[in-house]
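The values are calculated or read from the model by the stated rules, or taken from the named source; none is laboratory data. Here the structure is a predicted model, which is why all the values come from computation and not from measurement. Note that we place each Cβ from the backbone using ideal geometry, even for glycine, and neighbour counts take in every protein chain shown. Remember, those area values only see protein heavy atoms, side chains included, never the ligands or the DNA or RNA. Shrake-Rupley method; radii C 1.70, N 1.55, O 1.52, S 1.80 Å.
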Amino acid sequence: MDADFDEFLHVPARLSIVALLAPVSWADFAFVRDAVDTSDSALSKQLSALAAKGYVEVRRQKSLRGQRTLARLTAQGREAFRRHAASLERIAATARAPEPHPADPAT
Amino acid sequence: MHPDDARHALDDIRHRGDQARAAHLRFGHSRTALLLSALALFLPLASYDLPNPWGGAMLLPVVGLLAAMLVGYLCRSPVRRSLTVREAALGAAAGTVLVAAFRGLAAAARTSGVPAPHTAAALVLCVAGVAGLALAGRRWA
């Protein structure tokens, strides 16, 4: 397996959350929950796991309409995601690469 | 891992990225955001027609409006993202074009004998800007 492949990150629910957070600086908890179509408790569990690993930072913010929870990728999480996505690209590319001909000399 | 599984995971990553970018655009191109932005542009441009000190005093409500927009963004936007270098460059270019268009329109309006040339030019620019951004937002979101 590719060294950059991150088994922890590849869990579909986690990968979806991290992919949502990757292009933004902060995302609202409710937005992430609705976008990945999950429950509050399931999202909380995944965010806690990601935070424990140091990939995500969760912050609570007081607003006029009550409390709001925001999440963002840490620098470590961003780097892990970038490497994991690059690893997926390499794995997907193996399907497109032509099979080596048996007569070709090994390099 | 099978290459097909990797490709599906990459498709999901792209889809999630598109969802986040679309949410940002939807908020920025909402009717409220567009109208407030147009007002924040219209007031300082139209104030050139006002005599001193009223022209300068018009900056106070504009600063208040911009502060309210910032608070609204921080409290209500589903996602936040900072400007990329490309977006900042595009913004600077758009600002330069806007100032040039405003000067040209105001000069044309003055020549045509419009009583408040800067207000007329600001109105034309704001209506064109809101229409353009609303159309672009509908296309991207």
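In percent, rounded to a whole number, the relative contact order of segment A:12-92 is 32, using alpha-carbon pairs under 8 Å and six or more apart.
With the largest listed first and rounded to whole Å, the semi-axes of the equivalent ellipsoid of chain A from the Cα gyration tensor are 37, 13, 11. Accessible area per residue was computed with a 1.4 Å probe on protein heavy atoms; B:MET69 scores about 50 Å².
In segment B:13-32, the residues whose accessible area drops by at least 30 square angstrom when the other protein chains are added to the isolated chain are B:ILE13, B:ARG16, B:GLN19, B:ALA20; the probe is 1.4 Å and only protein heavy atoms count.
Working from Cα pairs under 8 Å separated by at least six residues, relative contact order for chain B is 37 percent.
Summarise the accessible area of chain B (1.4 Å probe, protein heavy atoms) by the percent that is carbon and sulfur. Let's see the in-between values first.
On the way: 6120 of 8830 Å².
Carbon and sulfur atoms account for 69 percent of the accessible area of chain B.
Ranking B:LEU90, B:MET1, B:LEU41 by Cα position along the charge dipole of segment B:1-90, where only Lys, Arg, Asp and Glu carry charges on their C-beta atoms, puts B:LEU41 farthest toward the positive end. About its Cα centre, the dipole of chain B is roughly 100 debye, where the only charges are +1 on Lys and Arg Cβ and -1 on Asp and Glu Cβ. For segment B:78-118, the alpha carbon positions stretch 46, 22, 7 Å along the principal axes, listed from largest to smallest.
What net charge do the residues around A:LYS53 carry, taking every other residue with its C-beta under 12 Å from that of A:LYS53, with Lys and Arg at +1 and Asp and Glu at -1?
Values: positive: A:ARG14; negative: A:ASP6, A:GLU7, A:GLU57.
Surrounding charge for A:LYS53 is -2.
Taking the accessible area of chain A, probe 1.4 Å, and keeping the other protein chains in place, the carbon and sulfur fraction comes to 53%. Accessible surface computed residue by residue for segment A:12-92, with neighbouring protein chains in place and a 1.4 Å probe, gives 49 Å² per residue. Using a simple spin-label model with pseudo-atoms 7 Å out from Cα toward Cβ, B:ALA94 and A:THR74 lie 3.5 nm apart.
Seen from every direction in turn and averaged, the convex hull around the alpha carbons of the protein assembly as shown projects onto 19.6 nm².
If you scale each eigenvalue of the Cα gyration tensor by 5 and take the root, what three semi-axes come out for segment B:52-116, rounded to whole angstrom and sorted largest first? Display every interim value, and only then the final one.
Values: eigenvalues 189, 81, 17 Å².
The three semi-axes for segment B:52-116 are 31, 20, 9 Å.
Scanning chain B for helices, which whole DSSP H stretches are 24 Å or more long along the axis (Cα) and average 0.5 or more by Kyte-Doolittle?
Details: long enough: B:3-28 (38 Å, -1.22); B:59-76 (25 Å, 1.96); B:85-111 (39 Å, 1.00); B:117-140 (34 Å, 1.10).
Correct list, ordered by number: B:59-76, B:85-111, B:117-140.
In a Debye calculation with equal point scatterers on the alpha-carbon sites of chain B and no solvent, what is log10 I(q)/I(0) at q = 0.15, 0.16, 0.18 Å⁻¹? These q points yield log10 I(q)/I(0) values of -0.88, -0.97, -1.15.
Near A:PHE29: Cβ cut-off under 12 Å, other residues only, Lys/Arg at +1 and Asp/Glu at -1. The net charge is +2. Ordering A:LEU15, A:VAL32, A:SER48 by Cα displacement along the dipole of segment A:12-92 toward the positive end leaves A:SER48 in first place; charges were set at the Cβ atoms of Lys, Arg (+1) and Asp, Glu (-1).
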